[in-house]
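Written out below as structure tokens is the structure these notes cover.
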Amino acid sequence: MKKYSFEPCTIEAPCKINLHLAIGGNRPDGFHELKSIFASLAFGDFLRFECGGKEGDCKLSIKWEIPEEAPGELPLEENLVYRAVSLFREETGFSSGLRISLVKRVPLGAGLGGGSSDAASTLLAMNTLAKTGLSTEKLKEIALQLGSDVPFFLDGGAAFVSGRGEHIKPLDPLPEGLKVILVKPPFSSDTASAFRLLDRFRQDGRKGLTSEELIQALGENPAKWPFFNDFLPVFLMQEDEKAASYRNILESLKSLNASFIGMSGAGSCCFGIFNNEKTAKITEKCLNGKGNFVRSTFFLARKCKPVLKY
Ligand code: C5P
């Protein structure tokens, strides 16, 4: 087997929000068709890669920036970074021992694609560092095996995403001046269960927007965006404690003058888009310290390859 090695380096893995998420019917493969606008944010996890240890080993240490967000022990094999390394090894024959340190800033089960972005950044970083030269198509194929959102993170930026998540049309960057306030309630959402709930409770009647209409609307002031998330009405109609939390967060964001409010992915993180930095700052201050996870950020204006720092 060919021997590869590289200098230790740190990379960033930015998260995303879905400005729009329309879920269509069930596909023969069990997934759902979707039409979505994904947008990368200037907030994400950090990963440090180092060669070392026994051939074929992968030691992964995870540090949670907010310890309360740490889940219980998860089997290593379920971690998307570990799985990305395993698929990369199978594809390339890369066998050197690896030590990876992951600093988790993005909460789990939030719909922000933290784990998916970690996986995409791992594939890109490994391919760059080990100089294995996998093609974009091959990386995308591996990414889709890891999860429906992972292919988007190979390029990031803003994109219209359809199919199961594999059709990605890059869009113009969103205006730099827009601020994003993320507000995640103190519970997470399981994607597969959210899809099951949607299948059971969804009510038709919402006008579907064409991809052209969606892309054109993105150029408008956020106050005029026609975007929605199909999961949200289904979560709200449950009339449970979670529904009350969502309602509370969204009403607070609205009353604090967000130009657009929404929920990302299959939840649980909600967000407000602000045209104005001052209003965003006031919102962050008002919502902090109420048991929710709150972060102020902005859209990444450029395509986001992982930034390598030696
Ligand atoms: O692909 P990923 O592992 O993120 O998907 C998690 C679950 O979400 C899938 O097992 C499936 O139940 C559901 N899903 C879906 N349609 C999609 C994406 C995800 O039904 N387009």
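The values are calculated or read from the model by the stated rules, or taken from the named source; none is laboratory data. As the structure is a prediction and not an experimental result, all values here were calculated from the model. Note that each Cβ is placed from the backbone with ideal geometry, even for glycine, and that neighbours are counted across all protein chains shown. The area values use the complete protein model at the heavy-atom level, side chains included, leaving out ligands, DNA and RNA. Shrake-Rupley method; radii C 1.70, N 1.55, O 1.52, S 1.80 Å.
Ignoring ligands, DNA and RNA, what percent of the 1.4 Å accessible area of the chain is carbon and sulfur? Numbers along the way, then the final one.
Working: 7460 of 14680 Å².
Solvent-exposed carbon and sulfur of the chain make up 51 percent of the total.
If you filter segment 3-76 for GluC sites (Glu not before Pro), then keep DSSP loop positions with at most 16 other Cβ within 10 Å, what is left?
On the way: sites: 12, 33, 50, 55, 65, 68, 69, 73; in loops: 55, 65, 73.
Of the GluC sites (Glu not before Pro), the ones in loops of segment 3-76 whose Cβ has at most 16 other Cβ atoms within 10 Å are 55, 65, 73.
Can you find, among 279, 294, 150, the residue farthest towards the positive end of the dipole of the chain? Put +1 on the C-beta of Lys and Arg, -1 on that of Asp and Glu.
279
Would you mind checking the radius of gyration and Dmax of segment 181-310 based on alpha-carbon positions, in Å?
Both quantities, over Cα of segment 181-310: 16.1, 53 Å.
Just flag the trypsin sites (Lys or Arg not before Pro) in segment 156-233 sitting in loop per DSSP whose Cβ has no more than 15 other Cβ atoms within 10 Å. Display every interim value, and only then the final one.
Working: sites: 164, 179, 196, 200, 202, 206, 207, 224; in loops: 164, 202, 206, 207.
In loop regions of segment 156-233 (DSSP not H, G, I, E or B), the sparsely surrounded trypsin sites (Lys or Arg not before Pro) are 202, 206, 207.
Tell me which GluC sites (Glu not before Pro) from segment 134-179 have a DSSP coil assignment and no more than 14 other beta carbons within 10 Å of their own. Don't jump to the answer; show the numbers that get you there.
Working: sites: 137, 141, 166, 176; in loops: 166, 176.
Sites meeting the loop and neighbour criteria: 176.
Compute the Kirkwood hydrodynamic radius of segment 9-172, taking the inverse of the mean of 1/r over all pairs of distinct Cα atoms, and give it in Å to one decimal.
Working: mean 1/r = 0.0614 Å⁻¹.
Computed over Cα pairs of segment 9-172, the Kirkwood hydrodynamic radius comes out at 16.3 Å.
List the extent of the Cα atoms of the chain along each of their three principal axes, largest first, rounded to whole Å.
Sorted from largest, the Cα extents of the chain read 58, 43, 36 Å.
Quick one: which of 169/254; 16/138; 104/179 span more than 26 angstrom between C-alpha atoms?
Working: 169/254 30 Å; 16/138 23 Å; 104/179 22 Å.
Result: 169/254 exceed 26 Å.
Between residue 57 and residue 276, what is the label-to-label distance in nm when each label sits 7 Å out along the Cα-to-Cβ direction?
Taking the simple label geometry, residue 57 and residue 276 are separated by 5.7 nm.
State in Å² the accessible area per residue of segment 83-242; use a 1.4 Å probe, count heavy atoms of protein chains only, and round to the nearest integer. Don't jump to the answer; show the numbers that get you there.
On the way: 7040 Å² over 160 residues.
Per-residue value: 44 Å².
Obtain the nm distance between the two label points defined at residue 199 and residue 73 by a simple spin-label model: each point lies 7 Å from its Cα along the Cα-to-C-beta direction.
3.4
Could you please report the charge total around residue 201, scoring K, R as +1 and D, E as -1 over all other residues with beta-carbon less than 15 angstrom from its beta-carbon?
On the way: positive: 196, 200, 202, 206, 242; negative: 199, 204, 230, 239, 240.
My count for the surroundings of residue 201 gives 0.
If each DSSP helix of 4+ residues adds -39,500 (n - 2.57) and the sum is divided by the residues in the chain, what number results at 222 nm, nearest 500 deg cm²/dmol?
Working: 8 runs with 90 residues, N = 310.
That comes out to -9000 deg cm²/dmol.
Just how large is the dipole of segment 9-172 about the Cα centre, in debye to the nearest 20, putting +1 at every Lys and Arg Cβ and -1 at every Asp and Glu Cβ? Could you put the intermediate results ahead of the total?
Details: 17 positive and 22 negative charges, 43 e Å.
Here segment 9-172 has a charge dipole of around 200 debye.
Net charge within 15 Å of residue 114 by Cβ-Cβ distance, Lys/Arg positive one each and Asp/Glu negative one each, not counting residue 114 itself?
Local charge sum for residue 114: -1.
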